[in-house]
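The values are calculated or read from the model by the stated rules, or taken from the named source; none is laboratory data. Only a predicted model underlies this, so the values are computations on that prediction, with no experimental measurement involved. When we count neighbours, we look across all protein chains shown, and the Cβ atoms used for this are built from the backbone with ideal geometry, even at glycine.
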Amino acid sequence: MKEQLEAILAKAKEELSAVQSARELGDVRVKYLGKKGELTTIRKGLRDVAPEDRPAMGQLINDVCAQLETALAAQSEEIERKALEAKLAGETLDVTMPGKPLTIGKKHPLNVVLDEFKEIFLGLGFSIAEGPEVELDHYNFEALNIPKDHPARDTQDTFYISDNVVLRTQTSPMQVRTMEKKKPPIRIIAPGRVYRSDAVDATHSPLFHQIEGLVVDKDIRMSDLKGILELFAKKLYGEDTVVRFRPHHFPFTEPSAEMDIQCYRCHGAGCPLCKGEGWIEILGCGMVHPKVLEMSGIDSTEYSGYAFGIGLERMVMGRFKIDDIRLFYENDVRFLHQF
């Protein structure tokens, strides 16, 4: 049995020297030390050995098992060492190689024009006001002279969160919020995101940006509104910019108008972008309705005012000759790098 044990140990060590993976190492362990392994079988055979020889033979089996365990552990460490060396070799970095160039972001064209817009109106004495995008029905509609049965309340146009809470459809609620907190003279602009249930196409989006303007003081006239908007258009688009005002209707202004700029693609000749009209609408405006002033706590017999709401995306499209509003939201750096 002693010779048999020595032969088994020699054979096991020979097999271990050829092992290259943890799986192969496990196979050798099971072959010799498993429940049906060769050394386990010999240990079970001790019952057939003479009683006086059993202690010596048992000790010999234990010694062989211990030597095999030591050899298995050493081979396991060697396999792990080689695996680590291979991993490190595969992950070696040549620090002298040039790195990959980083794509640096650019200021978004919406922010470029918004900052220019702010500079124009801050220079004219306006201040900037901000308000919530999730708005109460009172501020988004009722306080702006839009009754319950007005078409603008239709769910096809407005995202309702509840009966009394909506995603604001315009920044006009800032008119009322400002007039409630501050008495004339008032001169503010209120930029921000607004939401409407519009189908996405080249000129429409359910989320877009609007800038509200409001001036309230004594002796404010429609000519003041017209003059400041013409000044703004020429400052933003250039001195050769052509604008026109068309009569319109808004519940919160009276009289009301829309201001267009001449199409920047066809210069008035008519094209698909301007739908053949030669003009592109960029804002709505008018004199603040006396009811809106009164509901906000301002005496309409003493004060008057004007307001305007400008779509930022349409301004930017005119400023940079962009013909698809969807480009603003795709975050394609190739597009952004042009500005």
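Listed values, structure above:
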read-out: Residues (aromatic (Phe, Trp, Tyr) and not in a loop (DSSP other than H, G, I, E, B)) located in segment 155-195; value: Tyr160, Tyr195
read-out: Any hit, segment 118-129, residues being in contact with an Asp or Glu (Cβ under 7 Å, 6 or more places away or on another chain) and either assigned by TED's automatic domain parsing to the domain that holds Leu293 or not in a loop (DSSP other than H, G, I, E, B) (or both); value: no
read-out: Close pairs from segment 4-15: first in the same structural domain as Val30 (by TED's automatic domain parsing) and over 13 Å from Leu60 (Cβ atoms), partner at pLDDT below 80 and in a helix (DSSP H, G or I), Cβ under 7 Å, at least 6 apart; value: Ala12/Tyr32
read-out: Selected residue [at positive phi and surrounded by fewer than 22 Cβ atoms within 10 Å (Cβ to Cβ)] from Asp219, Asp201, Asp224; value: Asp219
read-out: Of the criteria (1) surrounded by fewer than 21 Cβ atoms within 10 Å (Cβ to Cβ); (2) under 20 Å from Met315 (Cα atoms); (3) small (Gly, Ala, Ser); (4) touching a residue at least 24 places away in the same chain (Cβ under 8 Å), which one Gly213 fails; value: (1)
read-out: Single condition Ala152 does not satisfy, out of (1) part of a loop (DSSP other than H, G, I, E, B); (2) closer than 23 Å to Ser296 by Cβ; value: (1)
